[in-house]
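Worksheet for the structure shown next.
The values are calculated or read from the model by the stated rules, or taken from the named source; none is laboratory data. None of the values given here were measured: they were computed from a predicted structure. Positions of Cβ are backbone-derived with ideal geometry, glycine not excepted, and every protein chain shown enters the neighbour counts. Areas reflect the complete protein model, heavy atoms only, side chains present, ligands, DNA and RNA absent. Shrake-Rupley method; radii C 1.70, N 1.55, O 1.52, S 1.80 Å.
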Amino acid sequence: MSAMPEAYRAALERAMVHATDWLASVPDRPVRPKVDADQVAASLATILPDGATDPADVVDELAALAEPGLMAIQSGRFYGWVMGGTLPAAMAADWLVSAWDQNTGLRFATPAAAAIEESAAAWLLDLLHLPASSDVGFTTGATTANFVGLAAGRQYLMDEAGWDLQALGLSGAPRITTFAGRERHAAVDLALRYLGLGACVPVDADHEGRILPAALAAAMDEQPGPSLVCLQAGNLHSGSFDPMEEAVAVAHDRGAWVHVDGAFGLWAAVSPKLRGRLAGVEGADSWATDAHKTLNVPYDCGLAIVASPEALRRAFSVHTSYFIATDAGPGDPFEKVPELSRRARGIPVWAALRQLGRHGVIAMVERLAANASALAEGLAAIPGVEVLNDVVFTQVSVSFGSDDRTHRVTQRLMAEGAVWMSGSSWHGREILRISVSNWSTDAGDVAASIAAVRGAVEAEPEA
Ligand SMILES: *Cc1c(COP(=O)(O)O)cnc(C)c1O
């Protein structure tokens, strides 16, 4: 006789208590972890016991060991890198995904997971104003989503050139040249590396990091032949968007496949107020974005969107005897991502969209951008603070004068723990970078964050 659900109940109930305790602690605890990884490792340094431990006790022990080393990424005052928090329905749906344990590769084997992901995909394409016939793959993040979009492009270009990529690989193949703006995200370089395409040709960008269409045209004319063009919707430092309409036209006029890295910035397309900033983005061939950033679903979830399902499925489908693939229609989930086996990570996306509704998604994205503007305005009013970018979306980059002072203010802020903002460098200067990506950030968080920066600035005068 199966012991279900009794084998699970006590452990899940303990997990529920620890999860709600953790969430309750977030508003008041320091945003930074209390200890570093070496200290956590030291507390874990025991040999694996020979005997078993009760599952509920494992959960208690795990929660106690982890707690000091947790970063409060769910805090409304966490602005590090570009990371979202978690919407309640998405978090709960993620728990169900684990309980259901659906290996989401085949439509016929896990029909609920496949259909719910298809539903989420259709909602996403509609919200983002992308072609409804596009395929959507649920990846681990935007790095893999970039990989997927560029893999589809590589497949398309090789097919066009009459080169059998599957049979012959890249050795001796026509050379594909990739063009991307100087301020592309490093994830693009990684994806190109995984694809064996080598380094991209870096194209000049303006002061906000936007690719210059004339420079793109000149670079492409210098190296004609099969080409990928990788544009950016959302610069890490400025939030800026490449001039999509013009750049897509330059690339398409020269026969290129156009991919857009819109890890967080593609979400601006949901908003009637912000959409104009990336007008023409729908003309690209593939897009990468994250759900675990702006949409605030739990890690990990990225979205690979490809206008031509054929190029995508040719790149990723595997036809062996044990796969009962559905050739027509929506296709199997495994035909759109690198993995055969994976969790149903699109289900939390469905739940997030269902919780917010169309108006709620738009309002959340607009609120993130408005909070970024409010932070920029508040910070600019502090003597000695310079906002370096045009705040067009969720990113704010600031300097506190000399590199040394900027570094000291940043270190102080992180040590104090009222906020978390990343130190970075941009255009040869040390900066403090703020990314507003958490759904829960409110006016109180914004005011407290400005006050925290003001305090650190006053405590760290220019030497
Ligand atoms: C975050 C980010 C990536 C990488 O995304 P992951 O989800 O971390 O893999 C790529 N491009 C841009 C612009 C990003 O902001």
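What to note about this one:
- The set of residues in segment 115-141 that are touching a helix residue (DSSP H, G or I) at 6+ places or on another chain (Cβ under 6 Å) and of a type in the set (A, V, I, L, M, F, W, C) comprises Ile116, Ala120, Trp123, Leu127, Leu128, Leu130, Ala132, Val136, Phe138.
- Tallying residues that are of a type in the set (S, T, N, Q) and part of a helix (DSSP H, G or I) within segment 396-445 yields 3.
- Residue in segment 196-214 that is part of a helix (DSSP H, G or I), within 16 Å of the ligand (Cβ to nearest atom) and open to solvent by 20 Å² or more (accessible area, probe 1.4 Å) present: no
- Segment 129-172, residues that are out of contact with any Asp or Glu (no Cβ under 9 Å at 6 or more places or on another chain), assigned to a loop (DSSP other than H, G, I, E, B) and open to solvent by less than 20 Å² (accessible area, probe 1.4 Å): Ser134
- The set of residues in segment 280-315 that are within 12 Å of the ligand (Cβ to nearest atom), touching a Gly at 6+ places or on another chain (Cβ under 7 Å) and open to solvent by 10 Å² or more (accessible area, probe 1.4 Å) comprises His292, Lys293, Asp300.
- Hits in segment 24-41 (condition: surrounded by fewer than 10 Cβ atoms within 10 Å (Cβ to Cβ) and without any contact (Cβ under 8 Å) to a residue 12 or more places away in the chain): Asp28, Asp38
- Only listed residue being part of a loop (DSSP other than H, G, I, E, B), acidic (Asp, Glu) and either under 30 Å from Ala10 (Cα atoms) or touching an Asp or Glu at 6+ places or on another chain (Cβ under 6 Å) (or both), chosen from Asp50, Asp57: Asp50
- Total residues in segment 336-349, condition surrounded by fewer than 24 Cβ atoms within 10 Å (Cβ to Cβ), touching a helix residue (DSSP H, G or I) at 6+ places or on another chain (Cβ under 7 Å) and either at pLDDT below 95 or not basic (Lys, Arg) (or both): 2
- Ala180 vs. criteria open to solvent by 10 Å² or more (accessible area, probe 1.4 Å) and within 16 Å of the ligand (Cβ to nearest atom): no
- Of the criteria (1) within 11 Å of the ligand (Cβ to nearest atom); (2) assigned to a loop (DSSP other than H, G, I, E, B); (3) open to solvent by less than 10 Å² (accessible area, probe 1.4 Å), which one Ala191 fails: (2)
- Residue match in segment 128-149 (condition: of a type in the set (Gly, Ala, Ser), under 18 Å from the mean Cα position of the chain (by Cα) and over 20 Å from Pro298 (Cβ atoms)): yes
- Residues that are within 21 Å of Leu157 (Cα to Cα) and either within 16 Å of the chain's Cα centre (by Cα) or not in a helix (DSSP H, G or I) (or both) within segment 258-301 comprise Val258, His259, Val260, Asp261, Ala284, Asp285, Ser286, Trp287, Ala288, listed in sequence order.
- Of all the residues in segment 229-257, those that are touching a residue at least 60 places away in the same chain (Cβ under 8 Å), more than 16 Å from the ligand (Cβ to nearest atom) and not in a loop (DSSP other than H, G, I, E, B) number 2.
- Single condition Gly76 does not satisfy, out of (1) open to solvent by 60 Å² or more (accessible area, probe 1.4 Å); (2) assigned to a loop (DSSP other than H, G, I, E, B); (3) more than 16 Å from the ligand (Cβ to nearest atom): (1)
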